[in-house]
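The values are calculated or read from the model by the stated rules, or taken from the named source; none is laboratory data. All of these numbers come straight from a predicted model, not from anything done at the bench. Positions of Cβ are backbone-derived with ideal geometry, glycine not excepted, and every protein chain shown enters the neighbour counts. Accessible surface areas use protein heavy atoms only, side chains included; no ligands, DNA or RNA. Shrake-Rupley method; radii C 1.70, N 1.55, O 1.52, S 1.80 Å.
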Amino acid sequence: MERRTLIKGMAVGLSSLYLSKSYGGKLLKAPYVANTFKPTWDSLAQYQVPDWFRDAKFGMWAHWGPQCQPEYGDWYARGMYQEGSAQYKYHVEKYGHPSKFGFKDVINEWKAENWNPEELLGLYKKAGAKYFMALANHHDNFDLYNSKYQKWNSTRMGPKKDLIGGWAKAAKHHGLRFGVSVHAAHAWSWLETAQRADKNGPLAGVTYDGKITNADGAGKWWDGEDPQELYAQNHPLSENSLNDGAIHRQWNWGNGVAKPSTDYCEKFYNRTIDLIDKYGPDVVYFDDTALPLWPVSDAGLRIAAHLYNKSIKKHGKLDAVIFGKILDEQQRKCMVWDIERGQSNQIEAQPWQTDTCIGDWHYNRRVYDRNGYKSAKTVIHTLIDVVSKNGNLMLNIPVRGDGTIDEKERAVVEEIASWMQVNSESIYSTRPWKTFGEGPAIESAAPLSAQGFNEGKGKPLGAEDIRFVTKGKTLYATLLGWPAERSALIKTLKSGAAGKPEKISLLGHAQSLKFEQTATGLKINLPEQTPGKSAYVLKIEGLIA
């Protein structure tokens, strides 16, 4: 993708900062000056990742909104308008033709009647999450909070509840850092499918409901409301809009996309500032290339500067985190790089995050029916691998339309909780070692593609695959399988290449372990019984000076 060339440097406030070196970049040691951050890339490059985020390692996410109501998977509000697609066929059968029953009407069906954020966040805390993120809006443009600037929101329609307010209250009660994910910048082009019409069948040529206005609502449930505030389709189509895949090439607002109006961009800015000011999140995730609406608008830059300055005013230091995707070298200094459904293949100098899901992002009953969820073992292995490379893991558990998670999802979360209760000391507050690991899977790692999307494409992890992290003078070596011979050989720790350990133990096992260090590696005798399952953490003391 094309990128604008950026001038490196820090524009303001450097004289008031004392920065010290540590692994992974510079960490802030003194307060910022007032209004340090300006809405420019150079100014945002002063950003330093807060320690709480580097220590937390594991967060959980509720990617939940009205598109979960049909329980038919990701991007439903777009796919239901794509004639012939599985979602279109499902929609016509369940609800009716999209010229008569559009996405606005799906919102009206959604009630979130069994939603219990206190219970869910209690479960996620038990599973080891240190921060929690809730969907504030998706590409469908529906705000899930008491929005001052978007009438189409969950307090006025659908559930008629302040969902972000409920999540935020539960997160505070459980002592979790709170975050929001914001995706609505792309509604302008993403919902262009709602402008289409069938090419075949009895309603061929009848336009879907993407262009209707408040004048069409007389006598209907949405009488007095303007659907264009939701659909934002009063504009010409993007180039190749009828090609369902074109939007991916246009995600950075190039390659012939219809440029959003100034009014649209400023409304998005106002909505997001309102969200930040009302609910005070420490974490904001943007589903955008770099920042929202960049480079056609500076709205994202202004939002980032506002969040950082507000965080300093609130905490006396910068505690906020912004996630962005497909970042260039300059942009990685300004926020935390997020990799979607994938992970880095090396130790990254700056802290980063993987976001992934055990199923589809939006709840999909078909995944449940075919037993298609990721296993707890897969999630645990991903967490261990990501942390060894200076990253965090954000895990989404898809939420049903009624606000609950199903029993298969709950079982996955409970198994993660069991592992974390024994092994979490090898996750929290750790830092990368000089190498992230060893084993056969390292050489077969798949490259990143666009936002990420390399998970599950490499060689499966096994007992010879080991991941390393440190905490103080302790080295944690995690075995990603249980060796059949009841002994582990860590080749990286062979004599001459590493110091000699003073003590080695296995988390979840009471006794110290016998070991021998040779020119081949560090051989450790393991107990007969495995302490749990999925992954096994060796705590090696005295090796690091």
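Quick look at the values:
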quantity: Some residue of region 374-385 being open to solvent by 10 Å² or more (accessible area, probe 1.4 Å) and assigned to a loop (DSSP other than H, G, I, E, B); calculated: yes
quantity: Tabulated pairs, region 277-305, first touching a residue at least 24 places away in the same chain (Cβ under 8 Å), second outside any loop (DSSP other than H, G, I, E, B) and open to solvent by 30 Å² or more (accessible area, probe 1.4 Å), C-beta under 6 angstrom, 6+ apart or interchain; calculated: Asp282/Arg177; Ala299/Tyr269
quantity: Odd one out for Asn364, checked against (1) more than 14 Å from the chain's Cα centre (by Cα); (2) closer than 25 Å to Ala62 by Cβ; (3) buried (at least 23 other Cβ atoms within 10 Å of the Cβ); calculated: (3)
quantity: Region 515-545: number of residues that are over 36 Å from the mean Cα position of the chain (by Cα), buried (at least 19 other Cβ atoms within 10 Å of the Cβ) and either closer than 15 Å to Glu438 by Cβ or of a type in the set (Lys, Arg) (or both); calculated: 3
quantity: Spans of strands (runs of 3 or more DSSP E) in region 484-539 with at least 1 residues at pLDDT 95 or above and among the small types (Gly, Ala, Ser); calculated: 487-490, 503-506
quantity: Selected residue (criterion: nearest to the chain's Cα centre (by Cα)) from residues of region 201-254 that are open to solvent by 20 Å² or more (accessible area, probe 1.4 Å) and among the acidic types (Asp, Glu); calculated: Asp244
quantity: Test set (1) over 22 Å from Ile276 (Cα atoms); (2) touching an Asp or Glu at 6+ places or on another chain (Cβ under 7 Å); (3) not aromatic (Phe, Trp, Tyr) - Gly79 fails condition number; calculated: (2)
quantity: Where Asn423 falls short, out of the listed (1) within 20 Å of the chain's Cα centre (by Cα); (2) buried (at least 17 other Cβ atoms within 10 Å of the Cβ); (3) part of a helix (DSSP H, G or I); calculated: (1)
quantity: Test: residue in region 158-165 that is in a helix (DSSP H, G or I), open to solvent by 60 Å² or more (accessible area, probe 1.4 Å) and under 26 Å from Phe58 (Cβ atoms); calculated: no
quantity: Out of Glu113, Glu83, Glu118, sole residue that is open to solvent by 10 Å² or more (accessible area, probe 1.4 Å), in a helix (DSSP H, G or I), of a type in the set (D, E, K, R) and touching a residue at least 24 places away in the same chain (Cβ under 8 Å); calculated: Glu118
quantity: Filter result (touching a strand residue (DSSP E or B) at 6+ places or on another chain (Cβ under 8 Å) and surrounded by fewer than 17 Cβ atoms within 10 Å (Cβ to Cβ)) within region 435-449; calculated: Thr435, Leu448
